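Beneath this line is the structure, given in structure tokens, with notes to follow.
The values are calculated or read from the model by the stated rules, or taken from the named source; none is laboratory data. These numbers come from a predicted model, not from an experiment. Glycine also receives a Cβ, built like all others from the backbone with ideal geometry; neighbour counts cover every protein chain displayed. Accessible surface areas use protein heavy atoms only, side chains included; no ligands, DNA or RNA. Shrake-Rupley method; radii C 1.70, N 1.55, O 1.52, S 1.80 Å.
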Amino acid sequence: MTEGFEIPVRRSLTEPVLMAGAPRSAAIVIGTVAAAVGLGLQLWIPGLLIWIGGHSAAVFMARRDPDFMTVMARAMRHKEYLSC
């Protein structure tokens, strides 16, 4: 390594952005849908169940692959190439 050419790499640049264990985009979408059902339609219990179930599923999938939302979006875009 050449002297004087060191760059510190911050940990925040290498870790995925998660909200309570779920990817940020998934957590925002799940929370918005649950709030719309719970507050907008005044269906409190179904809204709470949507939030708990959706967030739990997103956390479970993020433990396996933190970038599953990106992979899913790419797979949905290219699904015609994968059909038999």
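Computed quantities for the displayed model
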quantity: Residues (of a type in the set (A, V, I, L, M, F, W, C) and open to solvent by less than 70 Å² (accessible area, probe 1.4 Å)) located in region 51-71; calculated: Ala57, Ala58, Val59, Ala62, Phe68, Met69
quantity: Residue that is nearest to Met69 (Cα to Cα), among those in region 1-28 that are part of a helix (DSSP H, G or I) and open to solvent by 90 Å² or more (accessible area, probe 1.4 Å); calculated: Arg24
quantity: Ala20 vs. criteria out of contact with any strand residue (DSSP E or B) (no Cβ under 6 Å at 6 or more places or on another chain) and at positive phi; calculated: yes
quantity: Criterion violated by Ala75 - all others in (1) in contact (Cβ under 8 Å) with a residue 12 or more places away in the chain; (2) touching a Leu at 6+ places or on another chain (Cβ under 9 Å) satisfied; calculated: (1)
quantity: Among residues of region 4-27, those that are touching a residue at least 40 places away in the same chain (Cβ under 8 Å) and among the aromatic types (Phe, Trp, Tyr), counted; calculated: 0
